[in-house]
Amino acid sequence: MEVLRKAFSQKLDQALTEFVGSIDADEFLVEADIRGSIAHATMLAGGGLLTAAQADNIVGGLQTILDLYKAGAFKLNPAFEDVHMNVEKKLQELIGEDALRLHTARSRNDQVALDIRLYALGCIEANLNDINELVETIKVVAAENIDAILPGYTHLQRAQPVHFAHALLAFVEMLERDKARLQDLTKRVAVSPLGAGAQAGTGLNINPALSAKLLGMPSHFANSIDAVSDRDFVAEYLFVAAMCGVHLSQMAETFIIYASKEFSFISFSDAVTTASSLMPQKKNPDPVELIRGKCGSMVGELVNILVTLKGLPLGYNRDLQETKPPLIKTAKEIGNCLRVMTVVLQCLSVNKETTLKAAYDAEMISTDLVEYLVNKGVPFRKAHEDISALVAHARESGVPLNELSLSACQTFNQAFESDLFKLFDPKGSLQAKTSPGSTGTEQVKAALSKAAKI
Ligand code: ARG
């Protein structure tokens, strides 16, 4: 870079110019950088470090650069290393000498920390909107399919019947926690580092609280070294995004399994399936598979930033430049995944007859049989053993559990009466579940109406 090298006797080696720069990532930070500079200039004027006329000139010039950028007429030049020097150069070109005063009491170290924070705040807001859209869509699909019953699984083995809506609302809970994490993170991101300078602050008359206020940030840094060297908020964002990605990957995998011919619990419309180049009959759930797949890179970027930060000595280090691409990439990717999942949900239909048929697996009522005996006073562990033996007997004799005779059942436990056969109905099983948060029909309906009010 040609600027800032008066103390140097050589040009920066040509091969290094692009290497040290951060132009690709900084393309995403132009608006944040200009917003930060406008606040900084306004603050400088407040402390008498700029005259009102100089501040007006600078702010006007910055506004012009922003307009040019939005019109596609301001492109970052790699020769100027980063967004900060590009904006400063352009400002000089537009307004002349006053531009030389903008960087008063500021370093690129506090400047870039601010840019990343502003950018992250924008990502958080966009992610929250996308999560909200997805959650609303899940709730609609759950309510539309309140009558759909399917096997619930543990270890991917049939366990007990559940409402499809209950399964979907499980994902709502996960996404609501992702949302809460993002909201909580906001207060740690919205802390202005402006005024920290390179790392020591300044003797000039600045007012960090004013720049924070101008940027709509509720607080400013407490320690100038921490302000320039800390990127834990990026790591935290990447964790929250990766966790959300993991939730989406679990939802994706669940849907992929449900949509397989072997399960046939759900179908995707043609709008969200893709074709095979060889097999004409294929309709593949590629978008959902890609949600599952893209989560891998989100986890990778979280590890990336943690390893970049690990062992850095106190203060700004150029390694910190490498924290920008993971943030930018992950924020974009999680947004895409959330929006694609919303479309997938809108294009999904439940094959209710198939799911109900699968839910009629008599063995899935085994736990209900245990509870039946418990209600008759049999100790739980004894009831569990008796029903295990009954299930084994049914399997050995090749007679389904619900077709065994009452007397055969009574040889396993005397407490059985003829009403036992009424239990072999998944709908009845769901109606009978009353514990809070369970898949009981009334509980799920209550959860749905509660969710509708949020
Ligand atoms: N491009 C740098 C970054 O992204 C800006 C800060 C450079 N500071 C410095 N002292 N070289 O982190």
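Highest-first packing order for the peptide set 342-350, 200-208 is 342-350, 200-208, based on the mean count of other beta carbon atoms within 10 Å.
Let me spell out the model: positive unit charges on the Cβ of Lys and Arg, negative unit charges on the Cβ of Asp and Glu, origin at the Cα centre of segment 360-453. What dipole size does that give, in debye rounded to 20?
Details: 10 positive and 12 negative charges, 113 e Å.
The calculated dipole for segment 360-453 is roughly 540 debye.
When all alpha carbon pairs of the chain are counted in 20 Å bins from zero, the resulting P(r) reads 20, 38, 25, 13, 3, 0 %. Partner lysines whose Cα lies under 22 Å from the Cα of LYS213, excluding those fewer than 8 positions away in the same chain, are identified as LYS187. Sorted fewest first by neighbouring Cβ atoms within 10 angstrom, THR308, THR104, THR434 come out as THR434, THR104, THR308.
Where does each of LYS329, LYS445 land when they are ranked from fewest to most other beta-carbon atoms within 10 angstrom? Could the numbers behind the result be given before it?
Values: LYS329 17, LYS445 14.
Least to most surrounded, the residues fall as LYS445, LYS329.
Measure nothing but the geometry: give the 0 to 90° angle between the long axis through the Cα atoms of 366-375 and the longest principal axis through the Cα atoms of the chain, rounded to 10°. Result, in degrees: 70. Simple point charges give the picture: +1 on the Cβ of Lys and Arg, -1 on the Cβ of Asp and Glu, and for the chain a dipole about the Cα centre of about 340 debye. Of the residues MET298, LEU314, PRO280, the one whose Cα sits farthest towards the positive end of the charge dipole of segment 279-329 is PRO280 (charges of +1 on Lys and Arg Cβ, -1 on Asp and Glu Cβ, taken about the Cα centre). By other beta-carbon atoms within 10 Å, ranking THR441, THR17 with the fewest at the front produces THR17, THR441.
Put simply, the Cα atoms of segment 14-104 extend 42, 27, 20 Å along their principal axes, the longest span coming first. About its Cα centre, segment 14-104 has a charge dipole of approximately 220 debye under the convention of +1 per Lys or Arg Cβ and -1 per Asp or Glu Cβ, with nothing else charged.
Over 21 Å apart at the Cα level, from the set LYS11/LYS310; LYS376/LYS433; LYS294/LYS329, are LYS11/LYS310. Full extension of the chain segment joining THR274 with LYS427 gains 51.5 nm, where the gain is 0.36 nm per residue of separation less the Cα-Cα distance. Between SER349 and HIS393, the FRET efficiency estimated from the beta carbon spacing at R0 = 35 angstrom works out to 0.30.
With the simple model of a label 7 Å out from the Cα in the direction of the Cβ, ARG158 to LEU100 spans 8.3 nm.
Each value in this text was obtained by applying a stated rule to the coordinates, not by laboratory testing. This structure is a prediction, so every number in the text was calculated from the model and none was measured. Backbone-built Cβ (ideal geometry, glycine too); neighbour counts: all protein chains shown.
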